[in-house]
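So the structure is just underneath, and the comments pick up after that.
The values are calculated or read from the model by the stated rules, or taken from the named source; none is laboratory data. Quick caveat: nothing in here was measured; it's all calculated off a predicted structure. Neighbour counts are summed over all protein chains in view; Cβ atoms, including those assigned to glycine, are modelled from backbone coordinates with ideal geometry. When the accessible area is computed, the model is the full protein with side chains, heavy atoms only, and any ligands, DNA or RNA have been set aside. Shrake-Rupley method; radii C 1.70, N 1.55, O 1.52, S 1.80 Å.
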Amino acid sequence: MNRAARGRPETTLAAGEAPVATLPGAGPRVAERLAARGLRTLQDLWLHLPLRYEDRTRLTPIRELRPGETAQVEGRVEAVERGFRYRPTLRVAIGDDSRATLVLRFFHFRSAQAAQFAPGRRIRAYGQARPGSHGLEMVHPSYRLLSDEDDGELRDCLDPVYPAVEGVGPALIRRLIDEALKRLPPAPELELLPDALRDALSLPTLREALLAVHRPPPGADLAQLALGLHPAQRRLALEELLAHHLSLRRQRVALQRHGAEPIRVKGALAKRLREALPFALTRAQQRVFAEVRADLARAEPMLRLVQGDVGSGKTVVAALAALLAVEAGRQVALMAPTELLAEQHLNHFRAWLEPLGVRVAWLAGKVGGKARQAVLADIASGAAQVVVGTHALMQEAVAFDDLALCIVDEQHRFGVHQRLALRDKGRSGAHVPHQLVMTATPIPRTLAMTAYADLDVSVIDELPPGRTPVQTVAVSAERRPEVIERIRAACAEGRQAYWVCTLIEDSEEVAAQAAQSTYESLSQQLPGLRVGLVHGRMKAREKQDAMRAFKDGAIQLLVATTVIEVGVDVPNASLMLIENAERLGLAQLHQLRGRVGRGAAASTCVLLYQPPLSAMARARIETMRRTTDGFIIAEKDLELRGPGELLGTRQTGLAQFRVADLSRDAGLLPQVRDSADRLLAEAPALAEALVKRWVGHAAEYAGA
Ligand code: ADP
Ligand code: MG
């Protein structure tokens, strides 16, 4: 362990915690605007990293400029031309000693500005060279006029370009960061990472890393910096990932400190359900149920994530877990992100549990008036043993008598805060309920361990037997008529089909309209076929009726928006068509496709796309054609678009990183975990300081 490990973190943090207002140039107004961007302390400024860099440390001879290259040049004005043909244009030709000419072109300019460019004036410009009508040109370069006496000294480091802060100009931000950097403590005081770890990875100290990233010296590897692969950036990314990982682990420890009422029962109810089911559990389901059961029997709250691909049968595992709590005489809450999905769970739970004499209640936003009062009363008295619902379960008016287990489905749609809010419904004294989280989003193992460091993970890695993998084909939209013919034929054979409408805009309103008009045109083109419609703008009742009619076979072709994405289950549907498939991400395509192939019949998924396909879209569609394995698709997704989107960063309440990028830095994750173990064991104070430095306020709910 290094010096810091032996007890310096307090002083380290103190230096960084000085308010921004202590810097010259940061008056109250500026401080306020910086605070609005989360920049309150010197440390916040240290960690406010450049987006990119501009190299004004050298001059490029005009003759050596290449199209596309961004560079600094210096020359004298040779000619000025103002044009007005289409819009005002100012063209300034400059030449240098390399006897080549470059045109600087401006579309927005004031007359006074134009007048500065007298022939012979010395000018230095920075911008991107592009082919123009007379050789290379720079459009709206940044530039500076130099007097002849000016010795034209060059910058001694790359110019950092910082993310903009509203109301604070770039020059001021830069100056404030300069001041903040002057106040960086000496390396040993700032350092929180153990020397051994830094040495093992040959990483610089934090001080070196910050200086290198903010003020890269001339000759620094710009390409490496742009890719985020510079050792200084990797050093920062490692520290940040470590801090977030520690923060999640701390949350877990904090939660488990509360303790929970153990659930130890014979399992008679669960046994009866298993006997009543028309199928046997897969081995994976049995294993996961056993894991859950063991968790529940402990005196600390279960925090378990059950990951299983679409159709792997998570619901029945949840129902079995619920029965353990019910047998113990206690209550269970099951929360799903959409009403449709919650209703489906309700139907399953009613069908499975009510024959066993268990009372299942329903609570969604739309349950109102007397019905709501009655449900709330049943929840409060304990008469409702299992309560299924949506976000409505988290409202204040909902008070459980004795909540033992919270089950949350499709958790990537809920934030951590919401999960905690539901859990708090069951707080009594020092005890909290057990939590079971289910997700169909397969997450690559490396990510799961970081993203869910606060949860134990079980994977249902086996599909129920008798399923034939879905065959996927990609078809250009020009062949729509053929596809419609194919649907007619399939339905004539007694099969059922989905037609999924998608739109660029993330608006259920617009999507609903598109679905409506597709519904009308398909009804016309397929006379004699029973066509139905479901979209997010319909009343819950109508949606439910349409889904039920589809389930019962009364509807043969269901036109839908992506509301059917999550969890909806109609085993007889064996054909799915996805319109504009090129617009959807892999995860969403995979979820949608999971709606078919749930029965014994061979299923097909048709990806209808608008040509021409972008390279990304082609790669996605190719992946979909090649595999139905959710984990392979997730790996590919990670590769194609990065983890932020994969995990739905904003919705999970998961960390937004300042430096780290989970796909780029995935290689650091094993180190992160090992280091976390060591730090927690050997230097808990350092761990604490790291979390405070990087996660700070975001971690406040950690002690909840
Ligand atoms: P998901 O994991 O996507 O939520 P579900 O729980 O909805 O999957 O299960 C998908 C379908 O498979 C349901 O119709 C369910 O009843 C059925 N199922 C679940 N487990 C088995 C099993 N072991 N054998 C056969 N069918 C099963
Ligand atoms: Mg499900």
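Listed conditions (1) modelled with pLDDT under 80; (2) within 16 Å of ligand 1 (Cβ to nearest atom) are all met by residue 429, apart from (2). In the set (1) out of contact with any His (no Cβ under 6 Å at 6 or more places or on another chain); (2) buried (at least 18 other Cβ atoms within 10 Å of the Cβ), residue 388 fails one condition alone, (1).
Hey, among the residues in the stretch 177-209 that are over 26 Å from residue 682 (Cα atoms) and surrounded by 20 or more Cβ atoms within 10 Å (Cβ to Cβ), which one's nearest to the chain's Cα centre (by Cα)?
Looking at residues that are over 26 Å from residue 682 (Cα atoms) and surrounded by 20 or more Cβ atoms within 10 Å (Cβ to Cβ), I get 177.
Scan the stretch 281-298 for residues that are outside any loop (DSSP other than H, G, I, E, B) and within 8 Å of ligand 1 (Cβ to nearest atom) and the total you get is 1.
Can you tell me which residues in the stretch 68-80 are out of contact with any Phe, Trp or Tyr (no Cβ under 9 Å at 6 or more places or on another chain), at pLDDT 90 or above and not small (Gly, Ala, Ser)?
Once the filter is applied, which keeps residues that are out of contact with any Phe, Trp or Tyr (no Cβ under 9 Å at 6 or more places or on another chain), at pLDDT 90 or above and not small (Gly, Ala, Ser), the stretch 68-80 yields 74, 76, 78.
The residues listed here are 601, 573, 617, 560; of these, the one that is more than 14 Å from residue 472 (Cα to Cα), open to solvent by 20 Å² or more (accessible area, probe 1.4 Å) and of a type outside the set (Asp, Glu) is 601. When the criteria are applied in full, residue 685 fails the requirement of being over 26 Å from residue 162 (Cα atoms), at pLDDT 85 or above and touching a Lys or Arg at 6+ places or on another chain (Cβ under 8 Å).
Please go through the stretch 210-223 and pick out each residue that is more than 31 Å from the chain's Cα centre (by Cα) and crowded, with 16+ Cβ neighbours inside 10 Å. Across the stretch 210-223, the qualifying residue is only 220. In this structure, does residue 133 turn out to be small (Gly, Ala, Ser) and open to solvent by 70 Å² or more (accessible area, probe 1.4 Å)? In short, yes. Tallying residues that are over 30 Å from residue 591 (Cβ atoms), more than 16 Å from ligand 1 (Cβ to nearest atom), touching a residue at least 24 places away in the same chain (Cβ under 8 Å) and not in a loop (DSSP other than H, G, I, E, B) within the stretch 332-386 yields 2. Pairs are defined by a Cβ separation below 9 Å, a sequence spacing of at least 6 or placement on different chains, a first member in the stretch 451-471 that is at positive phi, and a second member that is open to solvent by less than 30 Å² (accessible area, probe 1.4 Å) and within 14 Å of ligand 1 (Cβ to nearest atom); the pairs so defined are 466/599. For the stretch 139-172, a residue qualifies if it is touching a His at 6+ places or on another chain (Cβ under 8 Å) and open to solvent by less than 30 Å² (accessible area, probe 1.4 Å), and the qualifying residues are 160, 162, 163.
Against the list (1) at pLDDT 95 or above; (2) assigned to a loop (DSSP other than H, G, I, E, B), the condition residue 271 fails is (2).
Applying the criterion of at least 2 residues that are in contact with a Leu (Cβ under 7 Å, 6 or more places away or on another chain) and touching a residue at least 60 places away in the same chain (Cβ under 8 Å) to the helices (runs of 4 or more DSSP H) found wholly in the stretch 545-646 leaves 615-626, 630-641, 643-646.
In the stretch 222-273, what residues are among the charged types (D, E, K, R) and touching a Phe, Trp or Tyr at 6+ places or on another chain (Cβ under 6 Å)?
The answer is 240, and nothing else.
Restricting the first member to the stretch 510-525 and to residues that are in contact (Cβ under 8 Å) with a residue 40 or more places away in the chain, and the second to residues that are among the small types (Gly, Ala, Ser), the beta-carbon pairs closer than 9 Å and six or more apart or on different chains are 511/536; 512/536; 515/560; 519/532.
The combined condition, being touching a residue at least 24 places away in the same chain (Cβ under 8 Å), more than 30 Å from residue 15 (Cα to Cα) and touching a strand residue (DSSP E or B) at 6+ places or on another chain (Cβ under 8 Å), is not fulfilled by residue 158. Put simply, of 493, 478 the only residue that is at pLDDT 90 or above, surrounded by fewer than 16 Cβ atoms within 10 Å (Cβ to Cβ) and over 20 Å from residue 584 (Cα atoms) is 493. Only one of these is in contact with a Gly (Cβ under 8 Å, 6 or more places away or on another chain), assigned to a loop (DSSP other than H, G, I, E, B) and away from ligand 2 (no atom under 16 Å from the Cβ): 278, 301, 262. Name it. Testing whether each residue is in contact with a Gly (Cβ under 8 Å, 6 or more places away or on another chain), assigned to a loop (DSSP other than H, G, I, E, B) and away from ligand 2 (no atom under 16 Å from the Cβ) leaves just 301. Scanning for something of a type outside the set (Lys, Arg), within 24 Å of residue 14 (Cβ to Cβ) and outside any helix (DSSP H, G or I), does the stretch 218-237 turn up at least one residue? Checking the stretch 218-237: not a single residue is of a type outside the set (Lys, Arg), within 24 Å of residue 14 (Cβ to Cβ) and outside any helix (DSSP H, G or I).
Within the option set 72, 116, being under 30 Å from residue 658 (Cβ atoms), of a type in the set (S, T, N, Q) and surrounded by 13 or more Cβ atoms within 10 Å (Cβ to Cβ) holds for one residue only, 72.
Only one residue in 307, 331 is open to solvent by less than 30 Å² (accessible area, probe 1.4 Å) and within 16 Å of ligand 2 (Cβ to nearest atom). Which one?
Just one listed residue meets the conditions, 307.
Sort out which residues of the stretch 41-64 are among the charged types (D, E, K, R), farther than 18 Å from residue 218 by Cα and surrounded by 19 or more Cβ atoms within 10 Å (Cβ to Cβ), and write them in order of number.
Within the stretch 41-64, 44 is the sole residue that qualifies.
Does at least one position in the stretch 241-262 carry a residue that is open to solvent by 60 Å² or more (accessible area, probe 1.4 Å) and on the phi > 0 side of the Ramachandran plot? The answer is no, given that none of the residues of the stretch 241-262 is open to solvent by 60 Å² or more (accessible area, probe 1.4 Å) and on the phi > 0 side of the Ramachandran plot.
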